[in-house]
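Visitor: Dropping a structure here in structure tokens format, bear with me for questions.
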Amino acid sequence: MNPVMFSGVTVVDHPLVQHKLTLLRRRETTTADFRRIAREMSLLMAYEVTRNLVLETIIIETPLETMEAPTLAGKKLCFVPILRAGNGILDGMLDLVPSARVGHIGLYRDPGTLVPVEYYLKLPDDLAERLVIVVDPMLATGHSASAAVARLKEVGATQILFVCLLAAPEGLALFIGEHPDVPVFTAAVDRELDEHGYIRPGLGDAGDRLFGTK
Ligand code: URA
């Protein structure tokens, strides 16, 4: 992993992650393949994101003897996908951390004001005691990511990470400006955001490609 031009942002440059991102970007990648590759990629992202989890030692019995063995300390993680595209990178993370809790947040952009409006929120009660990992494949304008994180802080989350597959420099700047305390993990930072809010060169609309809605 290499730190990039934004502090607090980690680009996961593992060759498998980079290869899979290229497959996701290709126009000809089918819905079924897109979904499968996004899942594989998010598992690999989760591996990097959880690299610094704290361990504690417990005493266990192997079939042969007693030993002190490392185990994850603290409460289970909580993944929070931002609906709907966030769901497309949730299962890969759950493949790796099956006992994690899952919260959901749904936001839409008010067509008049362009402000993100919450339409769904369901979270575990004890968010303050958990590492909360917010997931959304695309960090484009940064508005939904930032609003989601603000809402999670409001309900008590204190330790938050944000994971995406692709980010735009404009979205990163906005997000980091509003949440300098929240580390961001991405597989790439693309050139720019276009006038329609798409990341360029990008991979298109992640939700539509995941769910075959276009
Ligand atoms: N959301 C997407 O799915 N794709 C983009 O390029 C930007 C936002």
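Visitor: Just a yes or no: is a residue in segment 66-84 farther than 25 Å from D126 by Cα, surrounded by fewer than 17 Cβ atoms within 10 Å (Cβ to Cβ) and of a type in the set (D, E, K, R)?
Guide: Looking through segment 66-84, at least one residue is farther than 25 Å from D126 by Cα, surrounded by fewer than 17 Cβ atoms within 10 Å (Cβ to Cβ) and of a type in the set (D, E, K, R).
Visitor: Among the residues of segment 7-29 satisfying the criterion of being open to solvent by less than 70 Å² (accessible area, probe 1.4 Å) and over 17 Å from the mean Cα position of the chain (by Cα), which is nearest to P201 (Cα to Cα)?
Guide: R25
Visitor: Further question on the same structure: Could you please let me know if A206 is in contact with a Pro (Cβ under 6 Å, 6 or more places away or on another chain), small (G, A, S) and within 11 Å of the ligand (Cβ to nearest atom)?
Guide: Judged against the criteria, A206 is a match.
Visitor: Which residue pairs have Cβ atoms under 8 Å apart, sit 6 or more places apart or on different chains, and have a first residue in segment 59-70 that is free of Cβ contacts under 8 Å to residues at least 60 places away in the same chain and a second that is surrounded by 10 or more Cβ atoms within 10 Å (Cβ to Cβ) and polar (S, T, N, Q)?
Guide: Listed pairs, sorted by first residue: E68/T57; A69/T57; P70/T57.
Visitor: Taking segment 170-214 as the search range and keeping residues that are charged (D, E, K, R) and assigned to a helix (DSSP H, G or I), which one is nearest to R35 (Cα to Cα)?
Guide: Here the residue is R209.
Visitor: Can I ask one more? Count, please, the residues in segment 85-110 that happen to be open to solvent by 60 Å² or more (accessible area, probe 1.4 Å) and of a type in the set (A, V, I, L, M, F, W, C).
Guide: 1
Visitor: OK, next. When segment 121-169 is examined, which residues are found to be β-branched (V, I, T), assigned to a strand (DSSP E or B) and within 14 Å of the ligand (Cβ to nearest atom)?
Guide: Within segment 121-169, V135 is the sole residue that qualifies.
Visitor: Okay, moving on. Across segment 38-67, what is the number of residues that are more than 30 Å from V135 (Cα to Cα) and either part of a strand (DSSP E or B) or of a type in the set (V, I, T) (or both)?
Guide: Going through segment 38-67 one residue at a time, the tally reaches 7.
Visitor: In segment 170-203, what residues are surrounded by fewer than 18 Cβ atoms within 10 Å (Cβ to Cβ) and within 13 Å of the ligand (Cβ to nearest atom)?
Guide: Those that are surrounded by fewer than 18 Cβ atoms within 10 Å (Cβ to Cβ) and within 13 Å of the ligand (Cβ to nearest atom): E170, R191, E192, D194, E195, H196, G197, Y198, R200, P201.
Visitor: Same structure again: (1) surrounded by 24 or more Cβ atoms within 10 Å (Cβ to Cβ); (2) touching a Leu at 6+ places or on another chain (Cβ under 9 Å); (3) in contact (Cβ under 8 Å) with a residue 60 or more places away in the chain: which one isn't true of V163, the others all being true?
Guide: Evaluating V163 over (1) surrounded by 24 or more Cβ atoms within 10 Å (Cβ to Cβ); (2) touching a Leu at 6+ places or on another chain (Cβ under 9 Å); (3) in contact (Cβ under 8 Å) with a residue 60 or more places away in the chain leaves (2) as the failure.
Visitor: A follow-up question, please. If I go through segment 189-210 residue by residue, how many of them are within 17 Å of R27 (Cβ to Cβ) and of a type in the set (A, V, I, L, M, F, W, C)?
Guide: Number of matching residues: 4.
Visitor: Are there any pairs, at least 6 apart or on different chains, whose C-beta atoms fall under 9 Å, with the first in segment 193-214 and closer than 23 Å to Q18 by Cβ and in contact (Cβ under 8 Å) with a residue 12 or more places away in the chain and the second of a type in the set (D, E, K, R) and within 7 Å of the ligand (Cβ to nearest atom), and if so, which?
Guide: Here the result reads Y198/D205, each pair linking segment 193-214 to a residue that is of a type in the set (D, E, K, R) and within 7 Å of the ligand (Cβ to nearest atom).
The values are calculated or read from the model by the stated rules, or taken from the named source; none is laboratory data. Keep in mind it's a predicted model, so treat the numbers as computed, not measured. When we count neighbours, we look across all protein chains shown, and the Cβ atoms used for this are built from the backbone with ideal geometry, even at glycine. Remember, those area values only see protein heavy atoms, side chains included, never the ligands or the DNA or RNA. Shrake-Rupley method; radii C 1.70, N 1.55, O 1.52, S 1.80 Å.
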